[in-house]
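Below is one structure, written out as structure tokens; the observations come after it.
The values are calculated or read from the model by the stated rules, or taken from the named source; none is laboratory data. Keep in mind that what you see is a predicted model, and the values were worked out from it rather than measured. When we count neighbours, we look across all protein chains shown, and the Cβ atoms used for this are built from the backbone with ideal geometry, even at glycine. All accessible areas refer to the heavy atoms of the entire protein, side chains included, with ligands and DNA or RNA removed. Shrake-Rupley method; radii C 1.70, N 1.55, O 1.52, S 1.80 Å.
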2 protein chains.
Amino acid sequence: MNEAPGRREPADATTVRPPMRDALVGAAFQLFLERGYEETTVDDIVALAGVGRRSFFRYFPSKEDVVFPDHERCLADMTAFLDEEADVQDPVQRVCDAARLVLRMYAENPTFSVQRYRLTKKVPGLRAYELSVVWRYERALAEYLRRRSTEARADTLRADVVAAAVVAAHNNALRSWLRSDGTKDAEAAVDQALGYVQNTFGSTSSAPAPAEPARTGAEDVVVVVSRRGAPMWRVVQEIESAFARD
Amino acid sequence: MNEAPGRREPADATTVRPPMRDALVGAAFQLFLERGYEETTVDDIVALAGVGRRSFFRYFPSKEDVVFPDHERCLADMTAFLDEEADVQDPVQRVCDAARLVLRMYAENPTFSVQRYRLTKKVPGLRAYELSVVWRYERALAEYLRRRSTEARADTLRADVVAAAVVAAHNNALRSWLRSDGTKDAEAAVDQALGYVQNTFGSTSSAPAPAEPARTGAEDVVVVVSRRGAPMWRVVQEIESAFARD
């Protein structure tokens, strides 16, 4: 996972860094900043980079993709990291570490990341693209957490909530760093943000389990686990639904 | 906030339900189901509804918008609900209640909601549209939580994380209901899901503040074991005495 700073080839590329791809990204951003995103065509980009249209589309399916040249690679890195056979004591810690890979990708190229942040805020289509990428990161984290748990309904709920919390904390730190024009300490910001999630949901936290009553093997016994601070109506509701279940 | 079931006019409309708008939605979905979304044009929709193109665009900026005719209204309802001068003891409870407005919108029209769910899964453009709507709900909740807190960095982090957790829990319940073809009890599903978030972050929870050390969980959890056939008063008594214990 320790990729060298500045590497930006797609996940399926060889380990040789393709200079043409970098040249296309550089030309695209030069034009986006000079003329605006909407006003720049793929033809403009390839003309400035001195390559043909086919070269562009070999690397990027669309003009939007050249704005986010590293996400596919980072998603692949994240998936590989989560698939690793590791002795994971705390899955929440693991998904926090997976999120750090995304932060690192941004922090490796502060100037580029800040330029893109400003561009994305101005162009609704790019914002939508970014949301769909964020959603894929979140799904990767949630899928991992689901695999690490049993198939109970309550566990899919917990997986979804924890994954969303991790992504929200990561993005809070990332935005704070981008707004500082990349001058703040990105690692410190994300450590603090993910530390909060870790404290709330991690294995050493006091997080309550989702309110699905755990059942013992015997049919006639119901076990309800509840936080001491829970309101009584909530506990009664929980028990009533547990009793009502077949 | 108690809107009558089936009302689907935009936020800025009068309280009279516009039949033409409903007719356009009905015609659009009939065609989407028969021919597919991509294969249906706005011209096809207005021809079936027996109205002109201008009528379509009076209600919907684009073909995508006719797929989600209620979200603008629901976003406006949510914002109004959060802006209400209410004696709010627990802002987390308040954002959970705000999320329930979205669930109610879906639950009011099960057939329509299930059809749209299937359609959205098949069309990437609609999925992206939906993500941008979800993001707007999440921002509305986070903005409310930020307003309710001081301006400290840790509070913006907490607001973002709680808003994301509420949205994730809501969507977990919503998807579970949609996958049941709208046959499950939507309210019960969302109560269970939001109850988890409430227990984790609400004012009666033991959730740690950001960047504070996590508390130990030992004294915060009560386990009650009861026979399924036990009378409810007996169970409640048992829990009350367990909660009272130090």
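Exactly one residue out of B:229, B:195, B:217 is within 7 Å of chain A (Cβ to nearest Cβ), out of contact with any helix residue (DSSP H, G or I) (no Cβ under 6 Å at 6 or more places or on another chain), open to solvent by less than 40 Å² (accessible area, probe 1.4 Å) and modelled with pLDDT under 90: that is B:217.
Cβ-Cβ distances below 6 Å connect no pair with a first residue in the range A:168-179 that is more than 10 Å from chain B (Cβ to nearest Cβ) and charged (D, E, K, R), a second residue that is open to solvent by less than 10 Å² (accessible area, probe 1.4 Å) and not in a helix (DSSP H, G or I), and a separation of six or more residues or different chains. There is at least one residue in the range B:119-132 that is under 17 Å from the mean Cα position of the chain (by Cα), more than 11 Å from every other protein chain (Cβ to nearest Cβ) and of a type outside the set (A, V, I, L, M).
Within the range B:96-111, residues that are assigned by TED's automatic domain parsing to the domain that holds residue B:166 and among the β-branched types (Val, Ile, Thr) reach partners that are part of a helix (DSSP H, G or I) and open to solvent by less than 20 Å² (accessible area, probe 1.4 Å) with beta carbons closer than 8 Å, at six or more positions or on different chains, in the pairs B:102/B:74; B:102/B:78; B:102/B:137; B:102/B:170; B:102/B:174. For the range B:118-144, residues that are assigned to a helix (DSSP H, G or I), under 21 Å from residue B:61 (Cα atoms) and either among the β-branched types (Val, Ile, Thr) or in contact (Cβ under 8 Å) with a residue 12 or more places away in the chain (or both) total 10. For the range B:148-159, the condition of being open to solvent by less than 10 Å² (accessible area, probe 1.4 Å) and over 17 Å from residue B:70 (Cα atoms) holds for at least one residue.
When the test is whether a residue is in a loop (DSSP other than H, G, I, E, B) and at pLDDT 95 or above, residue A:39 passes it. Going residue by residue through the range A:78-89, is there one that turns out to be part of a helix (DSSP H, G or I), closer than 18 Å to residue A:119 by Cβ and under 18 Å from the mean Cα position of the chain (by Cα)? Checked the range A:78-89: no residue is part of a helix (DSSP H, G or I), closer than 18 Å to residue A:119 by Cβ and under 18 Å from the mean Cα position of the chain (by Cα).
Here the range B:47-77 is the region considered, the condition is being surrounded by 18 or more Cβ atoms within 10 Å (Cβ to Cβ) and basic (Lys, Arg), and the residue that is farthest from residue B:116 (Cα to Cα) is B:73.
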